[in-house]
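Bear in mind that the values in this text are calculations on the coordinates, not laboratory data. Not measured: the values here are computed from a predicted model. Reconstructed Cβ throughout: ideal geometry from the backbone, glycine too, with neighbour counts over all protein chains shown.
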Amino acid sequence: SFISEIKGITKLEDILTKRLGIKKIVIIPSSIDECPACSIDMAKAAGRYFFSIMREHKVIGITGGTTMHSFAENLPQMKTEMPLTIVPARGGLGEEVEIQANNIAAMVSKKLNGHYVLLHVPDNIDKDIMESITSIPQVKSTLEAIDEIDLLVFGIGNASDMAKRRKSSDKECMVIKERGAVSEAFGHYFNIDGEIVYETSTVGIKLDKYKALNDIIGIAGGKKKAEAILSIARINRNLVLITDESAANYLMEIT
Ligand code: G3H
């Protein structure tokens with residue numbers, strides 16, 4: 001029955017929250033591996049949790065990816081103005097503009113009637129060029145806003161999938177693999193212990209900043225992302241994870 005299914009999910013949420021040692025887990029009662037369209041439910045669940053805490057915050061950090069795009073798309077349209085600044089947590093990461101953090105930050109801001117800042121920094125540029133770009137006042141003020149982020153909403157990727165998707169060179173893909181990367185989040189690659197093993201050449205949120213955040217909402221589902229979720233859970237225990245049954249069931253097996 002529906003009730004026992006709810007009870008089952010709640011129990012699964014409790015057990016996994018303890019096993020991962022994080023703040024909270026919300027599991028949608030479906031598997032996005034079997035029902036890809038159900039990822040909308042995951043995005044909506046993330047939106048509900050986000051709405052429950054956003055008023056305690058001022059600067060919201062947003063990352064890129066298809067999951068975050070769905071999160072933004074499925075947020076309800078606010079009628080009143082929210083005193084929130086929406087900030088892309090990283091620069092462009094070599095993907096289509098629709099799913100870049102800049103675009104998603106703007107989408108979220110429109111839904112909330114907040115304001116947004118953009119980060120106009122291309123990828124894969126020389127260190128000295130990067131240094132001059134980051135001294136441009138507009139870029140500098142966005143980087144300062146990133147330092148002020150007090151709530152981060154982000155997607156979690158499977159490391160090898162993300163490296164391929166971002167058209168990383170064969171050499172880069174090999175380095176990422178050899179170093180044991182299993183997850184990717186905000187432009188950083190991590191091993192199963194949550195240790196950083198590779199960083200993409202773009203500016204934005206730093207690992208120390210991430211580690212110091214009290215409020216972080218990670219959204220990721222599907223069996224292929226279970227290891228990645230485990231790795232990310234180990235970096236900052238304040239994580240609130242929004243996931244699905246397929247990731248949750250596999251996490252039960254590996255933890
Ligand atoms: O930056 C991308 C995320 O790490 C995951 O992307 O939501 O498209 O799987 P995704």
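Taken along the Cα-to-beta-carbon direction at a fixed 7 Å, the label points for Leu213 and Asp170 span 3.6 nm. In this Cβ point-charge picture (+1 for Lys and Arg, -1 for Asp and Glu), the range 89-224 has a dipole of about 420 debye about its Cα centre. Residues of the range 195-226 with an amide N closer than 13 Å to a point placed 7 Å from the Cα of Lys11 along the Cα-to-Cβ direction: none. Each residue, Lys177 and Lys206, gets one label point 7 Å from its Cα in the Cβ direction; the gap between the two is 3.3 nm.
In the range 165-214, the convex hull through the Cα atoms has an average projected area of 3.8 nm², a quarter of its surface area.
Note on the range 1-144: Cα-only Rg and Dmax are 18.2, 62 Å. Among the trypsin sites (Lys or Arg not before Pro) in the range 1-66, none is located in a DSSP loop while being surrounded by at most 10 other Cβ atoms within 10 Å of its own Cβ.
The residues packed around Cys173, meaning those with a beta-carbon under 10 Å from its beta-carbon, carry a net charge of +2 if Lys and Arg are +1 and Asp and Glu are -1.
For the range 70-124, applying the loop criterion from DSSP together with a ceiling of 14 other beta carbons within 10 Å to the trypsin sites (Lys or Arg not before Pro) yields Lys79.
Under the classification rounded if a/c is under 1.5, otherwise prolate if a/b is larger than b/c and oblate if not, where does the chain fall, given a ≥ b ≥ c as square roots of the Cα gyration tensor eigenvalues? Oblate. Per the Kirkwood formula applied to alpha carbons, the range 124-255 shows a radius of gyration over Rh ratio, Rg over Rh, of 1.00. Restricting the range 1-68 to GluC sites (Glu not before Pro) that sit in a DSSP loop and have at most 16 other Cβ atoms within 10 Å of their own Cβ leaves Glu34.
Would you kindly calculate the translational diffusion coefficient of the range 73-115, applying Stokes-Einstein with the Kirkwood radius from alpha carbon pairs, for 10 °C and a viscosity of 1.306 mPa s, and quote it in µm² s⁻¹ without decimals?
146
Of the residues Ile232, Ile9, Met107, the one whose Cα sits farthest toward the positive end of the charge dipole of the chain, with +1 on the Cβ of Lys and Arg and -1 on the Cβ of Asp and Glu, is Ile9.
Net length available on complete extension from Glu131 to His115 is 3.1 nm, with 0.36 nm assigned per residue and the Cα-Cα distance removed. For the range 61-198, the direction-averaged projected area of the alpha-carbon convex hull comes to 8.7 nm².
DSSP finds beta bridges in the range 111-255, and of those with both partners inside it, around 50 percent are antiparallel. Computed over the chain, relative contact order equals 25 percent, with contacts defined as Cα pairs under 8 Å that lie 6+ residues apart.
Legend: calculated FRET efficiency, Thr80 to Glu148, from the Cβ-Cβ distance at R0 = 30 Å, rounded to 0.05, equals 0.85.
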